[in-house]
1. Are any residues in segment 42-67 touching a residue at least 24 places away in the same chain (Cβ under 8 Å), over 25 Å from ALA23 (Cα atoms) and surrounded by 12 or more Cβ atoms within 10 Å (Cβ to Cβ), and if so, which ones?
2. Tell me which residues, restricted to segment 15-38, are open to solvent by less than 50 Å² (accessible area, probe 1.4 Å), under 21 Å from ALA75 (Cα atoms) and aliphatic (A, V, I, L, M).
3. Tally up the residues in segment 12-54 that are under 13 Å from the mean Cα position of the chain (by Cα) and at positive phi, please.
Amino acid sequence: MVPKIRFYHSEGNVWVHTKMVIAQMKTHVDGLTPEVQFADLMSAFLHDIGKPDTQVFKEPDENGVIRISNLQHAATAGIRF
């Protein structure tokens, strides 16, 4: 699991975050065709897929916390597909 800084991501890690996004998406797909439901749920599942390719570790802050940045991860994810 990739840990997250709780100040910015209270859910704690990427897997928990992804499950939360999927659960939220499930509340919006009722009444859609099965094909659109599948596409929307896969979009939720894969929404952060570009993060590994864009991951940068920042210098430690005043508390010694190393932040992780993933600038342009959405654009990078789009290129994969």
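1. ARG67
2. VAL21, ILE22
3. Residues flagged as under 13 Å from the mean Cα position of the chain (by Cα) and at positive phi within segment 12-54 amount to 1.
The values are calculated or read from the model by the stated rules, or taken from the named source; none is laboratory data. Predicted model only: the values in this text are computed from it and were never measured. No Cβ is skipped: glycine too gets one built from the backbone with ideal geometry, and neighbour counts run over all protein chains shown. For the accessible areas, the whole protein counts, side chains as well, though only heavy atoms, and no ligand, DNA or RNA atoms are used. Shrake-Rupley method; radii C 1.70, N 1.55, O 1.52, S 1.80 Å.
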